[in-house]
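Notes follow once the structure below has been shown.
The values are calculated or read from the model by the stated rules, or taken from the named source; none is laboratory data. Everything numeric in this text was worked out from a predicted model, so none of it was measured. Cβ: placed from backbone, ideal geometry, glycine included. Neighbour counts: every protein chain shown. Just so you know, the surface numbers come from the protein's heavy atoms only, side chains and all, with ligands and any DNA or RNA stripped out. Shrake-Rupley method; radii C 1.70, N 1.55, O 1.52, S 1.80 Å.
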Amino acid sequence: MLVKCSVNSIDVENIFHSVTLVPRFEYSINLLDDIIDVLFSKQIELKESNQDLIHDFDESDKIQSDALKLEHLIVYSLEILLHVKKNMRRISNISSIPEVLPSSIPMIRTVSAQLFGIIPNCSQKLSEISVHLGSIVIDSAALTTARFDFSQSNIESTTLLNEVKLMADCKLNKQYPNLNFFKLCNT
């Protein structure tokens with residue numbers, strides 16, 4: 001027995017778009033995990049190589065200052081990406097995407113720009129993630145009829161970036177108690 005049913009073309013389109021969100025989202029998470037692993041390894045490497053600076057740091061030595069600034073940048077970048085990953089894990093359904101992801105995209109772009117000259121491969125992957133997440137945000141907004149306030153999203157990301165910078169400063173101040181990271185990294 002056949003039953004006639006009509007399918008609204010808009011419903012089919014919405015189903016199609018929502019199905020395509022999951023692979024892009026999972027791919028983005030996997031890329032992010034890879035980048036976090038690289039940064040974590042780099043952080044350990046820098047911590048070990050900078051260990052001698054705890055006792056023998058010379059502020060006038062540019063090589064030593066640059067080594068500590070690089071470690072700070074890696075710690076800062078890693079903390080940002082861990083925060084982004086935590087946010088991404090908060091997404092439970094399509095309607096939570098427009099609420100959670102928009103502020104993460106500028107954070108990812110910030111890290112990508114900072115890593116461009118240091119770890120270009122990670123920078124490129126972060127750019128790719130930001131493109132995927134941007135398309136996911138747009139598609140999810142179309143499906144849920146969400147609206148965006150980009151200025152609010154920028155305020156949120158700037159606030160989070162400042163909080164993470166403070167966390168990175170504090171973490172390195174504990175690691176190198178004789179150094180003033182606030183002064184070193186803001187000059």
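Quick grid of which residues meet (1) part of a loop (DSSP other than H, G, I, E, B); (2) free of Cβ contacts under 8 Å to residues at least 40 places away in the same chain; (3) over 24 Å from Leu73 (Cβ atoms):
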{"position": "Val84", "(1), (2), (3)": "no, no, no"}
{"position": "Ser96", "(1), (2), (3)": "no, yes, yes"}
{"position": "Ser123", "(1), (2), (3)": "no, yes, no"}
{"position": "Phe148", "(1), (2), (3)": "yes, no, yes"}
{"position": "Ser157", "(1), (2), (3)": "no, no, no"}
{"position": "Leu166", "(1), (2), (3)": "no, yes, no"}
{"position": "Lys174", "(1), (2), (3)": "no, yes, no"}
For this session: Return yes or no: is Asp149 under 17 Å from Leu46 (Cβ atoms) and of a type in the set (Asp, Glu)?
Result: no
For this session: Name the one entry in Arg89, Arg109 that is among the basic types (Lys, Arg) and either surrounded by 11 or more Cβ atoms within 10 Å (Cβ to Cβ) or at pLDDT 95 or above (or both).
Result: Arg109
For this session: Can you tell me which residue within the stretch 176-185, out of those that are at pLDDT below 80 and either touching a strand residue (DSSP E or B) at 6+ places or on another chain (Cβ under 8 Å) or within 15 Å of Val75 (Cα to Cα) (or both), is surrounded by the fewest Cβ atoms within 10 Å (Cβ to Cβ)?
Result: Phe182
Exercise. Just to be sure, is Ile54 surrounded by fewer than 14 Cβ atoms within 10 Å (Cβ to Cβ) and touching a residue at least 60 places away in the same chain (Cβ under 8 Å)?
Worked result: yes
For this session: Please go through the stretch 125-146 and pick out each residue that is modelled with pLDDT under 90, open to solvent by less than 60 Å² (accessible area, probe 1.4 Å) and part of a helix (DSSP H, G or I).
Result: Asp139, Ser140, Ala141, Leu143, Thr144
For this session: Name the residue, out of Glu79, Glu71, Glu26, that is free of Cβ contacts under 8 Å to residues at least 40 places away in the same chain and charged (D, E, K, R).
Result: Glu26
Exercise. Would the stretch 15-25 turn up any residue that is open to solvent by less than 20 Å² (accessible area, probe 1.4 Å), closer than 23 Å to Arg147 by Cα and either assigned to a helix (DSSP H, G or I) or at pLDDT below 95 (or both)?
Worked result: yes
Exercise. How many residues are open to solvent by 50 Å² or more (accessible area, probe 1.4 Å) and either polar (S, T, N, Q) or farther than 18 Å from Lys174 by Cα (or both) when one looks only at the stretch 62-86?
Worked result: 6
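Conditions tested, residue by residue: (1) at pLDDT 90 or above; (2) outside any helix (DSSP H, G or I); (3) among the β-branched types (Val, Ile, Thr).
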{"position": "Lys4", "(1), (2), (3)": "no, yes, no"}
{"position": "Ile29", "(1), (2), (3)": "yes, no, yes"}
{"position": "His72", "(1), (2), (3)": "yes, no, no"}
{"position": "Ile80", "(1), (2), (3)": "yes, no, yes"}
{"position": "Glu99", "(1), (2), (3)": "no, no, no"}
{"position": "Ile105", "(1), (2), (3)": "yes, no, yes"}
